[in-house]
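The values are calculated or read from the model by the stated rules, or taken from the named source; none is laboratory data. As the structure is a computational prediction, the values presented were derived from the model and not from experiment. Cβ: placed from backbone, ideal geometry, glycine included. Neighbour counts: every protein chain shown.
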Amino acid sequence: MTRRTGPTPTVRALVSDRDGGQCARCGLLITREWSLHHRVPRGSGGSKRPEINSPANLLLLCGSATSPEGCHLAVESHRRDAQRTGYLITKLANLDPADVPLLYHGAAWVRLDHHGGITVHAELDPAEVAP
Ligand SMILES: [Zn+2]
């Protein structure tokens with residue numbers, strides 16, 4: 001028997017609703033390939049932490065962790081930038097993802113809560129955003 005360690009269908013629906021069917025990083029309306037990204041990674045015992053499959057830790061991203069196009073692979077392959085923008089949270093930091101601001105749609109810093117909510121933390125001057 002394979003133990004399911006991913007988010008529940010309820011949580012997946014919450015995240016998809018919260019992100020409005022758009023990629024959290026680039027804002028593209030998702031019509032093709034997409035995936036759920038974990039901000040605090042699941043591996044190495046991470047799945048034992050209750051917040052791993054919380055909406056605060058999950059993002060809708062275009063592409064997949066292996067497809068060359070899309071944001072998911074971009075996040076995985078530019079880890080320092082992803083950490084600076086809140087897309088990756090190192091497990092060693094032991095932070096609650098709800099406390100780590102995220103650069104959402106490249107336009108605003110937000111905080112995600114554990115119940116599928118989103119709060120604007122700070123609007124951003126577009127000139128500040130590195131492409
Ligand atoms: Zn994207």
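For D81, which of the numbered conditions (1) within 16 Å of the ligand (Cβ to nearest atom); (2) in contact with a His (Cβ under 7 Å, 6 or more places away or on another chain) fails to hold?
Status for D81: all satisfied but (2).
Only strands (runs of 3 or more DSSP E) wholly contained in region 57-125 count here; list those with 2 or more residues that are within 18 Å of P7 (Cβ to Cβ).
Result: 58-62.
Filtering region 65-78 down to residues that are over 12 Å from C23 (Cβ atoms) and buried (at least 17 other Cβ atoms within 10 Å of the Cβ), which residue is nearest to the ligand (Cβ to nearest atom)?
L73
Got a sec? Which of T90, T85 is farther than 16 Å from G117 by Cα, polar (S, T, N, Q) and surrounded by 17 or more Cβ atoms within 10 Å (Cβ to Cβ)?
Within the list T90, T85, the selection yields T85.
Only one of (1) at pLDDT 95 or above; (2) over 20 Å from G117 (Cβ atoms) fails for P97. Which number is that?
It is condition (2) that P97 fails.
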